[in-house]
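Engineer: Take a look at the following structure, please.
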Amino acid sequence: MNKRIIAQLIAFSISGASVIALAAGPPPPPPGAEGGPGRQQVMPSIPHRDWHKGQRVPAEYRHYNFVMDDWRGHGLNAPPRGHKWLGVNGDYVLVSTSNWTISNIVAGTQ
């Protein structure tokens with residue numbers, strides 16, 4: 001009987017430690033490490049001054065990671081039917097989904 005009680009106490013203490021570890025959450029990133037929400041991929045830098053209306057977006061930027069579904073949260077107008085906002089290197093590019101040509105560019109940085 002004593003062995004059963006000891007086994008239950010050990011199991012209880014292990015499960016309690018697990019719950020505390022889960023409640024604490026992940027450790028914070030180390031100082032100087034870049035972090036934060038977002039899913040934008042790091043690609044070769046193409047500043048907004050190199051983008052032009054009517055130009056086709058390069059194939060490496062035609063990925064769902066660049067599509068800005070939260071255009072309201074970024075202060076952008078609703079994309080017209082058949083268009084999507086892309087977030088590229090801090091800028092916002094409105095493209096046609098049929099041929100990936102640029103319809104509008106909004107500079108996110110100066």
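The values are calculated or read from the model by the stated rules, or taken from the named source; none is laboratory data. Only a predicted model underlies this, so the values are computations on that prediction, with no experimental measurement involved. Don't worry about glycine lacking a Cβ; one is built from the backbone with ideal geometry, like all the others, and counts go over all protein chains shown.
Engineer: State whether one or more residues within region 57-66 are at pLDDT 80 or above, surrounded by 10 or more Cβ atoms within 10 Å (Cβ to Cβ) and among the basic types (K, R).
Structural biologist: Start the filter on region 57-66 by keeping residues that are at pLDDT 80 or above, which leaves 57-66.
So of that shortlist, the ones also surrounded by 10 or more Cβ atoms within 10 Å (Cβ to Cβ) come out as 57-58, 60-63, 65-66.
The next check asks that each one be among the basic types (K, R); those that pass are 62.
Yes: one or more hits.
Engineer: All but one of (1) exposed (fewer than 10 other Cβ atoms within 10 Å of the Cβ); (2) at pLDDT below 85 hold for I46; which doesn't?
Structural biologist: Failed condition: (1).
Engineer: I need the strands (runs of 3 or more DSSP E) fully contained in region 63-107, keeping only those with at least 3 residues that are without any contact (Cβ under 8 Å) to a residue 40 or more places away in the chain.
Structural biologist: Of the strands (runs of 3 or more DSSP E) lying wholly inside region 63-107, those with at least 3 residues that are without any contact (Cβ under 8 Å) to a residue 40 or more places away in the chain span 83-88, 91-96.
Engineer: Regarding region 24-42, can at least one residue be identified that is part of a loop (DSSP other than H, G, I, E, B), at pLDDT 80 or above and not aliphatic (A, V, I, L, M)? First the steps, then the outcome.
Structural biologist: We begin by selecting, within region 24-42, every residue part of a loop (DSSP other than H, G, I, E, B); these are 25-42.
In the following step, the residues that additionally are at pLDDT 80 or above were identified as none.
Looking for residues that are part of a loop (DSSP other than H, G, I, E, B), at pLDDT 80 or above and not aliphatic (A, V, I, L, M), one finds none in region 24-42, hence no.
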